[in-house]
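A.B. asks: Pasting a structure here, questions to come.
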Amino acid sequence: RRDLLLLSASPLPLALSPAAASARGLFRMPPPGLANRYFLVRAGESVYEGQGLLRTNPVAKTSVDSGLSPAGRRQAARAALELRRLGACEDDCWIWPSITQRAYQAAEIIAAANSINRSKIVPEYSFLDARGLGAYEGKRLEALPEVYAADNISSDIKPPPTYDGTPNESVADVFVRVTQLMSILETQYSGDTVVIVSPDSDNLSILQAGLIGLDLRR
């Protein structure tokens, strides 16, 4: 059996049957099964988030302020130890973080805590970017419920656009990205364990919903 685990406040197991060899190829959501075992990890708090600010412009993803805050480092360490407790990397694993600073830093912490060679860290350059929030860029975190209220109406509603280069992505837009990511992973690996490290929780929530066939508005 292949398991999908979401590491947040507490692990949430999702079971999918192993994919038959004949079923591999074009990846569709929800899949009939998975060829690998996955653990989903949300990177810890960033410096920007510690200041209460939304920052989703890809231009800033490798900046120092997109890195882990002191609280975020502690959160990443707890996630790394939880992965070790779960035996996630007992038989080796691949760690796929977004190239976003906080996600890559969290991946390094996970690798160190689980005795995984750094060569097993595979940075992902676009499919795991934080969801682009358009005109909400730079606003307080307290504005997020407005985005999620629109998501509940339709997965196609985008945040208002802006002109600083920040994408304004709907849930459906992110769904396309994470489906492409899973297609790559399910093609590249078989029978492996993959730890996916995302800079935000939207990627992981939408991926999880797609894998179990949940209405994306939820």
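The values are calculated or read from the model by the stated rules, or taken from the named source; none is laboratory data. Source: prediction; values computed, not measured. Glycine gets a Cβ as well: all are built from the backbone with ideal geometry, and neighbour counts include every protein chain shown. Ligands, DNA and RNA are excluded from the accessible area calculation, which covers all protein heavy atoms including side chains. Shrake-Rupley method; radii C 1.70, N 1.55, O 1.52, S 1.80 Å.
A.B. asks: Cβ-Cβ under 6 Å, sequence separation 6+ or interchain: first residue in the range 37-55 and on the phi < 0 side of the Ramachandran plot, partner among the basic types (Lys, Arg) and not in a helix (DSSP H, G or I). Which pairs?
C.D. replies: Arg37/Arg2; Tyr48/Arg55; Leu54/Lys139
A.B. asks: Right, here's the next one. Search the range 55-84 for residues being in contact with a Phe, Trp or Tyr (Cβ under 7 Å, 6 or more places away or on another chain) and assigned to a helix (DSSP H, G or I), and hand back the single one that is surrounded by the fewest Cβ atoms within 10 Å (Cβ to Cβ).
C.D. replies: By that ranking, first place goes to Asp65.
A.B. asks: Condition check: exposed (fewer than 14 other Cβ atoms within 10 Å of the Cβ), without any contact (Cβ under 8 Å) to a residue 12 or more places away in the chain and either closer than 20 Å to Arg42 by Cα or under 15 Å from the mean Cα position of the chain (by Cα) (or both). Does Tyr163 satisfy that?
C.D. replies: Answer is no for this residue.
A.B. asks: Looking only at the range 85-102, filter to residues that are outside any helix (DSSP H, G or I) and of a type in the set (A, V, I, L, M); which one of those is farthest from Ala112 (Cα to Cα)? Full working, then the answer.
C.D. replies: Filtering the range 85-102 for residues outside any helix (DSSP H, G or I) gives 87-100.
Of the ones still in play, those that are also of a type in the set (A, V, I, L, M) are 88, 95, 99.
Values: Ala88: 13, Ile95: 12, Ile99: 18 Å.
So the residue we want is Ile99.
A.B. asks: Looking at (1) aliphatic (A, V, I, L, M); (2) more than 19 Å from Pro159 (Cα to Cα); (3) in contact with a helix residue (DSSP H, G or I) (Cβ under 9 Å, 6 or more places away or on another chain); (4) open to solvent by 10 Å² or more (accessible area, probe 1.4 Å), find the lone condition where Leu144 falls short.
C.D. replies: It is condition (2) that Leu144 fails.
A.B. asks: Restricting to the range 46-74, what's the tally of residues that are of a type in the set (S, T, N, Q) and under 15 Å from the mean Cα position of the chain (by Cα)?
C.D. replies: 2
A.B. asks: Of all residues in the range 85-101, count the ones that are farther than 22 Å from Lys61 by Cβ, of a type outside the set (A, V, I, L, M), open to solvent by 20 Å² or more (accessible area, probe 1.4 Å) and touching a residue at least 12 places away in the same chain (Cβ under 8 Å).
C.D. replies: Residues meeting the conditions: 2.
A.B. asks: Sort out which residues of the range 169-198 are closer than 19 Å to Val59 by Cβ and either more than 18 Å from the chain's Cα centre (by Cα) or surrounded by 21 or more Cβ atoms within 10 Å (Cβ to Cβ) (or both), and write them in order of number.
C.D. replies: Within the range 169-198, the subset closer than 19 Å to Val59 by Cβ is 169, 173-174, 177, 198.
Selection gives Glu169, Val174, Ser198.
A.B. asks: Pull up the range 102-135, narrow it to residues that are surrounded by fewer than 22 Cβ atoms within 10 Å (Cβ to Cβ) and under 13 Å from Asn57 (Cα atoms), then point me to the one that is nearest to the chain's Cα centre (by Cα).
C.D. replies: Ranking the qualifying residues of the range 102-135, first place goes to Ser126.
A.B. asks: Looking at the range 184-212, I want the residues that are within 16 Å of Phe27 (Cα to Cα) and have a partner that is at pLDDT below 95 and open to solvent by less than 20 Å² (accessible area, probe 1.4 Å) with Cβ atoms under 7 Å, at least 6 apart or on another chain. Which pairs are those?
C.D. replies: Leu211/Leu4
A.B. asks: Looking at the range 35-48 only, could you name the residues that are surrounded by 22 or more Cβ atoms within 10 Å (Cβ to Cβ), outside any loop (DSSP other than H, G, I, E, B) and touching a helix residue (DSSP H, G or I) at 6+ places or on another chain (Cβ under 7 Å)?
C.D. replies: Hits for the range 35-48 are Phe39, Leu40, Val41, Arg42, Ser46.
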